[in-house]
Structures are given as structure tokens and as C-alpha cells.
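**Student:** Below you will find the structure I want to go over with you.
A short reminder: the numbers here are calculations on the coordinates, not readings from a lab. The structure presented is a predicted model; accordingly, all values stated were derived computationally and were not measured. With ideal geometry, Cβ positions are generated from the backbone for all residues, glycine too; neighbour counts draw on all protein chains shown.
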Amino acid sequence: MSRIIIFLFPLLIWGVLSCAPGTKKQSDLTAKGLMLPVSYAKGFTISDNGKFRKITIIDPWQQSSGVSFEYYLVDRNKDIPDELKGKQIIRTPIKSVICLSTSHIGFLSALKEIPSLKALSGAGFVSDPDVLKAVADKKVLDVGYDQGINYELILSLKPDLIMAYGVGGEVTGFINKLRDLGLNVILNGEYLEATPLAKAEWIKFVGAFYNKDQEAADYFSHIEKNYKEIKQKVAEVKTHPVVLTGLPYKDAWWMAGGKSNLAALIGDAGGEFLWRDNPSREAFVVSLEEVVVRSAKADYWINCGTVNNLQELIATDSRFAAFSQVKKKSIFNNNLQMSPGGGNDYWERGVVRPDLILDDLVKIFHPECDSGKVFNFYKRME
């Protein structure tokens with residue numbers, strides 16, 4: 001089961017997508033300004049030359065290559081420099097935003113900017129209690145999704161910013177339509193990152209639009225420290241349990257690539273992803289027959305959709321009853337924290353708290369290293 005997103009792509013496929021691994025650190029003063037530190041994320045850069053900040057988004061959808069978008073952030077109390085004529089300018093700090101993925105909510109919450117949220121896609125799939133209350137009070141509206149996007153409502157709200165995402169190049173048509181209406185649209189590509197810390201580092205990207213560069217950097221530094229400390233717990237383990245993930249969706253089992261974010265997370269927790277030998281950075285389809293064969297090697301099964309217990313799991317396919325993980329009850333799903341409407345906190349808060357996800361997985365894979373029984377996002381299937 002993937003994070004809950006509503007716009008442009010099937011629900012179950014989204015959570016297993018990722019990009020190629022790598023890190024970068026940029027802190028040199030250049031002609032374009034001071035490059036603010038970005039240690040893990042590959043999808044964006046931020047520079048500050050004093051008069052404005054420039055954000056560059058790099059390859060913001062699957063299989064994009066050489067694609068980039070530039071946004072120029074100018075403080076509300078400053079004049080717009082002449083050199084920015086013809087550029088996409090966003091006045092900061094922004095005061096209102098529309099989010100087209102519920103995963104964006106995690107960033108707003110971490111920055112204490114939920115009050116700036118005016119609308120989103122898929123209000124019924126939200127987990128955050130503050131947002132749920134705002135939706136109930138009609139302070140946050142639902143703008144629809146896919147072909148049902150309500151452009152008139154979006155325009156009437158006059159947001160300072162619309163935070164979108166792209167699965168394929170067709171998103172440019174959507175962006176251009178909104179820009180033609182005089183609206184600022186940015187692409188948040190956190191889901192394409194290859195590691196949990198790289199995804200979480202997009203808080204620096206979001207923070208820039210609120211003039212909260214330092215707050216975002218401090219928040220990320222805290223998460224990074226926690227993550228590394230938890231990872232260190234299993235640095236010297238002798239055994240690495242093999243892990244199966246996912247669940248078939250409409251007769252297709254979308255498996256995370258061997259170079260995916262999920263594979264990296266499992267490895268950091270001292271596990272071994274069952275498809276670790278796959279070179280893909282993106283999700284790929286695996287036949288159920290192949291899963292049946294390979295699953296015999298797996299010690300654990302995690303992230304198995306929306307099911308809540310073993311009975312529901314077997315109901316999706318009777319063959320699962322023969323899986324060793326079912327017999328041993330070594331199946332853990334990431335849907336402990338669910339809202340009444342089906343929102344999953346794993347796909348909201350979990351985006352900015354990979355340390356808590358890692359903590360759960362270490363408890364599952366290596367209880368000898370962490371005997372705690374309280375989980376953040378996971379629960380054992382009974």
C-alpha cells in the first residue's frame with residue numbers, strides 16, 4: 001500500500017517509486033549566489049544572492065532527463081530586481097497554499113504551517129487531525145483530482161502557491177493551465193528520491209517558500225541525527241532477514257526497485273529486500289507466480305496494502321494461506337495510524353519522520369537490538 005495520493009496516478013503504485021541514489025553538498029559562493037546546503041536530496045537546489053533566492057527543480061517526474069524548473073523567491077517587502085523580468089517569481093513568505101498530495105501535509109505540519117493550507121486533493125484521505133478538523137469546519141476545501149480538478153474553485157481561493165507533483169511529462173499541461181490563470185505552481189518531487197533522508201530533506205524546499213530556511217534545516221538536522229543513531233543499532237548485526245513487500249493490485253504486483261527508497265530503508269534497518277538484485281530505481285510489475293516462488297525465502301512481509309488482519313489478507317488471494325509468513329505471523333503492515341476516512345499517517349508524517357519508520361523496522365527485524373514493543377506506524381497482522 002502506498003501513501004494516499006489522489007492526483008494523476010493509481011494509489012498502490014505511488015509509494016514504491018524512487019530515483020537513483022546519490023548525495024550532494026553545495027555551499028560555495030557562486031555568481032548565482034550562495035548555494036544552501038542540501039546533503040542528500042538530488043531533486044532540488046537553493047541559492048541565495050541576497051536580493052532573491054532561486055530554487056531549481058531537477059527531473060521532477062519519472063524517467064525525466066535534463067528537465068528543470070526554476071522559481072525565484074522574493075520577499076514581500078522587497079522590490080523585484082530588474083534581472084528577474086520574465087522569470088517565475090513567488091513572493092515570500094507565502095500565506096496560503098493548495099496541496100495536491102496528502103504527503104505534502106507532513107511538511108506543512110513539521111513547519112507549523114497547517115493554517116496556511118486552504119485546499120487539497122482528496123480531503124477524505126487525510127490523516128492529520130488538524131487538517132481533518134479544518135476540512136470539517138470548511139476552512140480547508142477539496143479541489144478534486146485527475147479529470148475532476150475544480151479549476152474554478154482553485155482560482156476563487158487565490159492561493160499564493162499550489163504544490164503539485166508529476167508522475168509523467170503530461171503534468172506540464174496541467175501546470176501551464178494554472179499558470180495561464182495567473183497562479184503559482186511548483187512541483188514537489190520528494191517521492192522520487194532514493195533514500196529516506198533525501199525525501200525528508202525536501203522540508204528545506206518547502207520551508208524556503210515560508211522564509212523558514214533555518215527552521216527547516218534545524219528540523220532536518222534533528223531527524224538526520226535520530227536516523228543515524230537508529231541505523232547504528234544494527235550496523236554490526238550478523239544476520240539480515242529477507243523481506244517481502246507489497247500486495248497485488250488489479251492482478252498486478254508492483255514491486256519496488258532494488259535501488260528504491262524502500263529497499264534502502266529495509267537495508268538501513270538491517271534487512272535484505274527480496275528484490276535487492278533488481279537494478280531499477282522505479283517500480284516494476286512482478287507476476288504473482290514469481291512472488292509465490294521467491295516468498296519462500298522471505299522471513300518477513302511488510303507494507304501489504306490496506307488489509308488489517310490475516311483473514312483479510314488471505315481473502316485477497318487464497319494462495320497467501322500457504323505463505324510461511326502467514327503461518328509464522330511474521331507480517332507487519334504500515335497502517336497502524338489510520339483516520340476514519342482511510343488516511344494513513346505513514347504517508348503524511350512518515351515522509352518527514354523516516355527515523356520513526358526506521359525505528360519500527362529495527363524492532364521488527366532485529367528485536368535483539370531494540371526490544372521496545374511500541375510502534376509508530378506498524379502493527380503485526382493477527
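**Student:** Using R₀ = 30 Å, calculate the FRET efficiency as 1/(1 + (r/R₀)^6) where r is the Cβ-Cβ separation of residue 292 and residue 225; round to 0.05.
**Tutor:** The computed FRET efficiency comes out at 0.15.
**Student:** Starting from the Cα of residue 373, draw a straight line to each of the lysines and keep only those under 20 Å, dropping any in the same chain fewer than 8 residues away.
**Tutor:** Partners found: 231, 233, 328, 329, 363.
**Student:** Based on the Cβ-Cβ distance from residue 314 to residue 78, what FRET efficiency comes out when R0 is 56 Å, to the nearest 0.05?
**Tutor:** On the way: r = 62 Å, r/R0 = 1.10.
After rounding to 0.05, the efficiency reads 0.35.
**Student:** What whole-number volume per residue, in cubic angstrom, does the convex hull of the C-alpha atoms of the range 234-380 give?
**Tutor:** On the way: hull volume 17.5 nm³, N = 147.
Cα-based convex hull of the range 234-380, divided per residue, equals 119 Å³.
**Student:** Using per-residue counts of other Cβ atoms within 10 Å, averaged over each peptide, order 223-235, 51-63 from highest down. Walk me through the numbers before you get to the answer.
**Tutor:** Numbers: 223-235: 16.3, 51-63: 18.8.
In descending order of packing, they fall as 51-63, 223-235.
**Student:** Another question, then. What does the highest-first list of 295-303, 352-360 look like by mean Cβ count within 10 Å? Write out the running numbers ahead of the final one.
**Tutor:** Numbers: 295-303: 19.8, 352-360: 23.6.
In decreasing order of mean packing, 295-303, 352-360 become 352-360, 295-303.
**Student:** Can you show me the helix-derived [θ] at 222 nm for the chain, built from DSSP H runs with n ≥ 4 at -39,500 (n - 2.57) apiece and divided by the number of residues, rounded to the nearest 500.
**Tutor:** On the way: 14 runs with 111 residues, N = 382.
Roughly -8000 deg cm²/dmol at 222 nm, from the helical runs in the chain.
**Student:** Here is a follow-up. Please give the peptides 210-222, 317-329 ranked by average Cβ packing (other Cβ atoms within 10 Å per residue), highest first, as a rough proxy for protection.
**Tutor:** 210-222, 317-329
**Student:** How much net charge surrounds residue 129 when only other residues with a Cβ under 13 Å from its Cβ are counted (Lys, Arg +1; Asp, Glu -1)?
**Tutor:** Details: positive: 133, 349; negative: 128, 130, 137, 345, 348.
Result for the neighbourhood of residue 129: -3.
**Student:** Calculated FRET efficiency, residue 67 and residue 180, Cβ-Cβ r, R0 35 Å, to nearest 0.05? Don't skip to the end; give the middle numbers.
**Tutor:** Working: r = 20 Å, r/R0 = 0.57.
Given R0 = 35 Å and the Cβ-Cβ separation, E is 0.95.
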